[in-house]
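So the structure is just underneath, and the comments pick up after that.
The values are calculated or read from the model by the stated rules, or taken from the named source; none is laboratory data. Predicted model only: the values in this text are computed from it and were never measured. With ideal geometry, Cβ positions are generated from the backbone for all residues, glycine too; neighbour counts draw on all protein chains shown.
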Amino acid sequence: MSTFLRELRISIVATVVFALLCSGFYPVLIWGLGQILLPYHANGSLAESADGTVVGSDLIAQGFSGARYFHPRPSDAGTGYDPTSSGGSNLGPTSQKLIDTVKQNVAAYRRENGLADDVLVPADAVTASASGLDPHISPENARLQAPRVARERHLSPDAVKAAIEQATDRPLFGFIGGQPGVNVLRLNLALDGAAR
């Protein structure tokens, strides 16, 4: 009986110690380090309009419509860009529905950007990401949309190209993080004259 009680006491003490460490000390430590070292990132990378209103997050795509805005990649998250229903269509490469959707998206993309029928359209312009919430588009996609946005905003192409360059996230140390991507929310806010 004494062995059982000793083992029970050890297991209760171990449970309490690990609960305090894993559910108390460690999360508070990580939260505190995040607030000190990377407060913008630790608090959701929230983007603000010029008047200080939170309008989104650099980490989550949102739909933009209208010719004066850069458009994100298509979304299959819920009814589109719904962060509570993150997910893709799960259609495979041989799916006729996917093939038809991509053909429609290519035609619409060329039409809205005034592109000739032989211009190659980047895949990210016509397919949804796995989450449906990817906030980035490829630099090629942004460059193809740039003339439309410049024309609608009455800006020089060079000013729009500079904004694209500013909103482009590059791999850390040149190789960590994959390919360069243009953050659509940050780009549109910059063109609206907003600051985060």
Do we find that ASP158 is assigned by TED's automatic domain parsing to the domain that holds ALA125, surrounded by 12 or more Cβ atoms within 10 Å (Cβ to Cβ) and acidic (Asp, Glu) in this structure? no
Residue ranges of helices (runs of 4 or more DSSP H) in the stretch 124-196 with at least 2 members without any contact (Cβ under 8 Å) to a residue 40 or more places away in the chain and closer than 24 Å to ALA107 by Cβ: 139-153
If we keep just the residues of the stretch 31-55 that are surrounded by fewer than 11 Cβ atoms within 10 Å (Cβ to Cβ) and aliphatic (A, V, I, L, M), which is farthest from ALA125 (Cα to Cα)? ILE36
Among the residues in the stretch 34-48, are any in contact with a helix residue (DSSP H, G or I) (Cβ under 7 Å, 6 or more places away or on another chain) and touching a residue at least 24 places away in the same chain (Cβ under 8 Å)? yes
Scanning the stretch 56-77 for residues that are at pLDDT 90 or above and of a type in the set (A, V, I, L, M, F, W, C), which turns out surrounded by the fewest Cβ atoms within 10 Å (Cβ to Cβ)? ALA67
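Residue-wise test of (1) of a type in the set (A, V, I, L, M, F, W, C); (2) in a helix (DSSP H, G or I).
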{"position": "PHE25", "(1), (2)": "yes, yes"}
{"position": "GLY32", "(1), (2)": "no, yes"}
{"position": "HIS41", "(1), (2)": "no, yes"}
{"position": "ALA47", "(1), (2)": "yes, no"}
{"position": "VAL55", "(1), (2)": "yes, no"}
{"position": "GLN62", "(1), (2)": "no, no"}
{"position": "SER65", "(1), (2)": "no, no"}
{"position": "TYR69", "(1), (2)": "no, no"}
{"position": "LYS97", "(1), (2)": "no, yes"}
Looking only at the stretch 150-169, how many residues end up being in contact with a Gly (Cβ under 8 Å, 6 or more places away or on another chain) and farther than 20 Å from ASN113 by Cβ? 1
Does PRO122 satisfy being within 14 Å of the chain's Cα centre (by Cα), assigned by TED's automatic domain parsing to the domain that holds ALA61 and of a type outside the set (D, E, K, R)? no
Going through the stretch 103-123 one residue at a time, which ones are over 16 Å from HIS71 (Cβ atoms) and in a helix (DSSP H, G or I)? LYS103
